[in-house]
Amino acid sequence: MKPALLEVMRMNRICRMVLATCLGSFILVIFYFQSMLHPVMRRNPFGMDICCRKGSRSPLQELYNPIQLELSNTAILHQMRRDQVTDTCRANSAVSRKRRVLTPNDLKHLVVDEDHELIYCYVPKVACTNWKRLMMVLSGRGKYSDPMEIPASEAHVSANLKTLNQYSIPEINHRLKSYMKFLFVREPFERLVSAYRNKFTQKYNTSFHKRYGTKIIRRQRKNATQEALRKGDDVKFEEFVAYLIDPHTQREEPFNEHWQTVYSLCHPCHIHYDLVGKYETLEEDSNYVLQLAGVSGYLKFPTYAKSTRTTDEMTTEFFQNISAEHQTQLYEVYKLDFLMFNYSVPNYLKLE
């Protein structure tokens with residue numbers, strides 16, 4: 001056999017071995033602009049390429065290659081939000097992209113709807129209960145029809161929704177390229193206060209009191225009573241902030257998802273999100289997603305007045321007793337979320 005042919009065969013064998021090793025270690029490499037890499041391309045008004053599939057139009061086609069060539073104000077707004085994320089990731093690449101590789105475990109917050117080709121990264125305290133309900137309706141194939149008939153507790157049962165980490169690596173990459181990916185965000189400190197109020201001031205959240213409250217009180221409260229150390233049900237907001245900025249906390253374990261940063265939950269500097277919805281424009285943005293998915297004729301985002309919702313005024317009050325030093329340190333923790341999603345520095349902050 002000719003030496004050149006032997007060399008080709010040897011290289012093929014090596015390539016197969018390397019591929020098998022990579023798959024065995026279950027490591028997934030995700031490039032930020034992956035959603036541009038489609039096998040069949042067509043230029044669209046945003047300068048982004050998408051695949052033209054046969055049959056009904058996908059949400060990606062509806063978003064990037066609309067039938068009507070003139071761009072709506074909504075489409076322009078969401079393009080600006082995508083650009084903001086991209087620009088922030090590039091400007092802060094040393095921080096935001098320390099990890100060049102994501103594992104499937106990093107994708108457990110990405111909920112998949114096969115029928116409508118959607119991927120939703122849920123962020124706790126940003127209407128994720130209602131969006132999980134919607135995803136159950138969309139992916140339930142007729143099992144559910146009214147999202148508000150689904151109990152909140154059922155919406156948070158992991159088995160009721162399929163997440164991206166449950167797929168094989170080739171299947172993951174195919175869906176990241178072909179499906180419309182979206183998330184919803186909220187002003188970071190308003191979300192943080194909402195998490196604190198829900199998890200530490202409600203008596204029924206005993207699991208959080210036991211797991212986190214006792215730990216926070218033990219570390220942050222001098223002369224804590226034995227009852228407080230045992231129950232952990234009276235954590236002060238100042239103690240919660242001190243716990244978050246404590247380097248020991250960040251070394252010990254990842255933040256709980258309810259106060260974890262969005263860029264750590266959804267990895268927007270590694271995964272290109274096609275649509276960034278905001279809590280401040282929740283109903284409009286949610287119904288826009290449903291419109292792109294082709295279901296707006298029979299499915300709307302659930303709306304209801306919630307008098308206990310955390311507002312900007314409430315958030316201002318909670319930060320009044322936080323020192324300027326701690327405010328500055330806390331802002332640094334959530335700085336990328338502020339920048340990436342175009343939230344200005346709150347007026348009530350006294351940054352050093």
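The values are calculated or read from the model by the stated rules, or taken from the named source; none is laboratory data. Everything quoted here is computed from the prediction, not taken from an experiment. Every residue, glycine among them, receives a Cβ derived from its backbone with ideal geometry; neighbour counts consider all protein chains shown. For accessibility, only protein heavy atoms count, side chains too; no ligands or nucleic acids. Shrake-Rupley method; radii C 1.70, N 1.55, O 1.52, S 1.80 Å.
The condition (being farther than 27 Å from Asp106 by Cβ and open to solvent by less than 10 Å² (accessible area, probe 1.4 Å)) is satisfied by just one residue among Val276, Val295, Val262: Val295.
Answer with yes or no whether Thr310 is among the hydroxyl-bearing types (Ser, Thr, Tyr), open to solvent by less than 10 Å² (accessible area, probe 1.4 Å), closer than 30 Å to Asp146 by Cα and assigned to a loop (DSSP other than H, G, I, E, B).
Values: among the hydroxyl-bearing types (Ser, Thr, Tyr): yes; open to solvent by less than 10 Å² (accessible area, probe 1.4 Å): yes; closer than 30 Å to Asp146 by Cα: yes; assigned to a loop (DSSP other than H, G, I, E, B): yes.
Yes, satisfied.
Being assigned to a loop (DSSP other than H, G, I, E, B), at pLDDT 95 or above and open to solvent by less than 60 Å² (accessible area, probe 1.4 Å) holds for only one residue in Tyr288, Tyr343, Tyr331, and it is Tyr343.
Suppose the filter is open to solvent by 50 Å² or more (accessible area, probe 1.4 Å) and polar (S, T, N, Q); does Thr303 pass it? When the stated conditions are applied, Thr303 passes them. Restricting segment 121-136 to residues that are without any contact (Cβ under 8 Å) to a residue 40 or more places away in the chain and of a type outside the set (Val, Ile, Thr) leaves a set whose member that is most open to solvent (accessible area, probe 1.4 Å) is Lys132. Can you name the residue in segment 313-328 that is under 30 Å from Ser286 (Cβ atoms) and hydrophobic (A, V, I, L, M, F, W, C) and is also least open to solvent (accessible area, probe 1.4 Å) among such residues? Per the stated criteria, the residue is Phe319.
Cβ-Cβ distances below 9 Å connect the following pairs, each with a first residue in segment 89-100 that is in a loop (DSSP other than H, G, I, E, B), a second residue that is at pLDDT below 65, and a separation of six or more residues or different chains: Arg97/Tyr32; Arg100/Val29.
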